[in-house]
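What follows draws every value from the coordinates through simple rules; no lab data is involved. This structure is a prediction, so every number in the text was calculated from the model and none was measured. When we count neighbours, we look across all protein chains shown, and the Cβ atoms used for this are built from the backbone with ideal geometry, even at glycine.
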Amino acid sequence: MAFLQGIAASNGIAIAKAYRLVEPDLSFEQIKVGDSAAEVDRFRSAMEKAKSELEVIRDRAAVELGADKAAIFEAHLLVLSDPELNNPIEDKIKSENVNAEAALKETADMFVMMFEQMDNEYMKERAADIRDVTKRVLSHLLGVQLPNPSMINEEVIIVAEDLTPSDTAQLNRQFVKGFTTNIGGRTSHSAIMARSLEIPAVVGTKSATEEINNGDLIIVDGLKGEVHINPTPELVDEYRSVHEQYEMQKAEWAKLVNEPTVSADGVHVELAANIGTPNDLKGVIENGGEGVGLYRTEFLYMGRDQLPTEEEQFEAYKAVLEGMSGKPVVVRTLDIGGDKELPYLDLPKEMNPFLGFRAIRLCLEEQDLFRTQLRALLRASSYGNLKIMFPMIATLDEFRQAKAILEEEKQKLISEGQKIAEQIELGIMVEIPSTAILADQFAKEVDFFSIGTNDLIQYTMAADRMNQRVSYLYQPYSPSILRLVKMVIDAAHAEGKWAGMCGEMAGDETAIPVLLGLGLDEFSMSASSILKARSLIKGLKKAEMEKLAQEVLNMQTTDQAVQAINAAIK
Ligand code: PEP
Ligand code: MG
């Protein structure tokens, strides 16, 4: 039995077999073969196996993940049966007497290079298809297995180096009971997705992929951040009872589902949910969300090979607005960059992607993409209570430019006779220190703020949110962070505006008392945290939390702050 300590990323206990989502070693030696006819047969047989495998994957993807995901595998099948690729491979085996692995790799690499150099999106995508197909055929030649997450048909826990948001989006919730990764922190997007899918997760274990084999029984303890590998039957029993207790506690919180969030001295605050896709709405409603405080629209753009059309986006936004039946829905415009990549945009690699060409910076430059999203949003606005916010705003000028573009699209749509809501609040995320510091000036022009502490903390502390070695600097209770939060809330209130928070800090039990005391109006969190937060706030008096906040703001260290908070809420 082995044990790994990581970071608790999503609450709950999962016990299941491990499924490694790890690329196997596909290296090989180039060798001369004696019987080239037999080698051609070996190549053909690997191609056949790859083909049957892809057909099964495609059919399963069509049923479970939808036609657009299945289309990716259809494209791979087309590549497999293309004589333009297969004939030169067979010719090479015959004329040069090389092994099939070498003939395949060399020929495929030549096509990939040729297609990638073309200034044509379609051909670039074909290069990616050839690369994927080559890997699959190579795996059959070498007799190793590629992971096929869409083929999972039993309960598993995913083990991976990291999970990209698009990997996470493709996981089948019915079978994936939990996950654990080598890298990442509480605010990495894999962790955020795990919380919205309500799957227990432990990230940042450093060595999960080295220690865990396919099929090992593992326990993921998302409450304490522990992973147990091949546990004793006694430990499994112990964990089954922890799991039951946790479920009972959840049932207690569930009684608050239809209640407003009111403190013990009668102050109402709004508890909203963070969502990634319209499918997350079910969780918001089941957990009594009073609105959507952050709709991360970038997930609409991921796990596919081209931009979503205006129509597709319109349908998604409309579904969310209608699904929330008039409750507020804050939609954030595209925040791509950092750990959220869109391979098909083909953006150059950057040294510091979190500090680079991302989010609003990209949208102001690539205006076609931005305008399409804004049009879809404006058209959807008449179906509910839409509020729009821009991510990663660093200067007032950026906000003004984005607002002007929105206004232009609005006027165009009005002149086309489209129906648009009379009032759409327009806000910004405060996640860059410059904006928090200048909040008093921003507050004159925006309708609301939503504090994005995941980024605000990483930029204030200069500590990459993906790097577990500096994760100790993710300190939401640091007086420095709390002072910035106070500046933003006070600035909003001075102009009669509201301030919310949609970073993970908003759902953090230790932070909530102080945030209530600082006067935060809206707390937006993973849907699975809402009922627990409501239960906590019902037991707190805002007037007392104001005093606590004042005390904590004047402390020197995070430890002192945590001690004071724990003492106050006992
Ligand atoms: C944040 O930065 O706090 C935030 C909510 O945005 P994201 O986590 O998507 O970067
Ligand atoms: Mg952010």
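Points worth noting:
- Dipole of region 268-568, positive direction: furthest Cα of Ala272, Pro348, Leu456, with charges on the beta-carbon: Ala272
- Sorted into 10 angstrom bins from 0, the C-alpha pair distances of the chain split as 3, 16, 25, 25, 17, 9, 4, 1, 0 percent.
- When DSSP beta bridges are restricted to pairs lying wholly in the chain, around 30% turn out antiparallel.
- Inter-label distance for Arg173 and Lys250, nm, one decimal - labels placed 7 Å from Cα along Cα-to-Cβ: 1.1 nm
- Relative to the dominant Cα principal axis of the chain, helix 36-64 is inclined by about 30°.
- Amide H to amide H distances under 5 Å link Asp216 with Ala18, where only residues 5 or more positions off or on other chains count and H is placed in the peptide plane.
- Given charges at beta-carbon only (K, R positive; D, E negative), |dipole| of region 41-101 in Debye: 140 debye
- Helix 396-415 and the long axis of the chain differ in direction by around 80°, with both axes built from C-alpha atoms.
- Size estimate for region 468-570 follows the Kirkwood approach: the inverse of mean 1/r over distinct Cα pairs works out to 13.9 Å.
- Over 30 Å between alpha carbons, listed pairs Lys497/Lys542; Lys17/Lys206; Lys327/Lys349; Lys318/Lys542; Lys419/Lys444: Lys327/Lys349; Lys318/Lys542
- Fewest-first sequence of Ile451, Ile31, Ile388 by Cβ atoms within 10 Å of each Cβ: Ile31, Ile388, Ile451
- Net charge dipole, region 268-568: roughly 560 debye, given to the nearest 20, about the Cα centre with Cβ charges of +1 for Lys and Arg and -1 for Asp and Glu.
- Considering only Asn566, Asn97, Met501, and ranking their Cα positions along the charge dipole of the chain that arises from unit charges at the beta-carbon of Lys, Arg, Asp and Glu, the one farthest toward the positive end is Asn566.
- Hz values of 3J(HN,Hα) by residue in region 78-86 - Karplus curve (6.51, -1.76, 1.60), Gly and Pro given as x: 4, 4, 4, 9, 8, x, 4, 9, 6
- Computed over Cα pairs, the Kirkwood radius of region 36-142 leads via Stokes-Einstein (0.692 mPa s, 37 °C) to a diffusion coefficient of 230 µm² per second.
- Taking θ as phi - 60° and the Karplus parameters 6.51, -1.76 and 1.60, the scalar couplings of region 388-393 work out to 10, 9, 9, x, 6, 6 Hz in sequence order, x denoting glycine and proline.
- log₁₀ of I(q)/I(0) at q = 0.10, 0.13, 0.14, 0.16 Å⁻¹ - region 268-568, Debye sum with one point per alpha carbon: -0.53, -0.91, -1.06, -1.37
- Rounded if a/c under 1.5, otherwise prolate or oblate - region 421-469, Cα gyration tensor axes: oblate
- Rounded to the nearest 20 debye, the dipole size of region 11-122 about its Cα centre is 540 debye, using +1 on the Cβ of Lys and Arg and -1 on the Cβ of Asp and Glu.
- Only one residue of Ala127, Met487, Val330 has its Cα farthest out toward the positive end of the dipole of the chain, where Lys and Arg carry +1 and Asp and Glu -1 on Cβ, and that residue is Met487.
- The order of the peptides 455-463, 427-435 by mean Cβ neighbours within 10 Å, most packed first, is 427-435, 455-463.
- Under a 5 Å amide H cut-off, with hydrogens placed 1.01 Å from N, Ser10 pairs with Ala201 among residues at least 5 apart or on other chains.
- Calculated FRET value between Gln306 and Glu546, using beta carbons and R₀ = 60 Å, to 0.05: 0.75
- Packing-based order for 238-250, 322-334, 146-158, using average beta carbon neighbours within 10 Å, highest first: 322-334, 146-158, 238-250
- If R0 is taken as 25 Å, the Cβ-Cβ distance between Asp397 and Gln117 corresponds to a FRET efficiency of 0.10.
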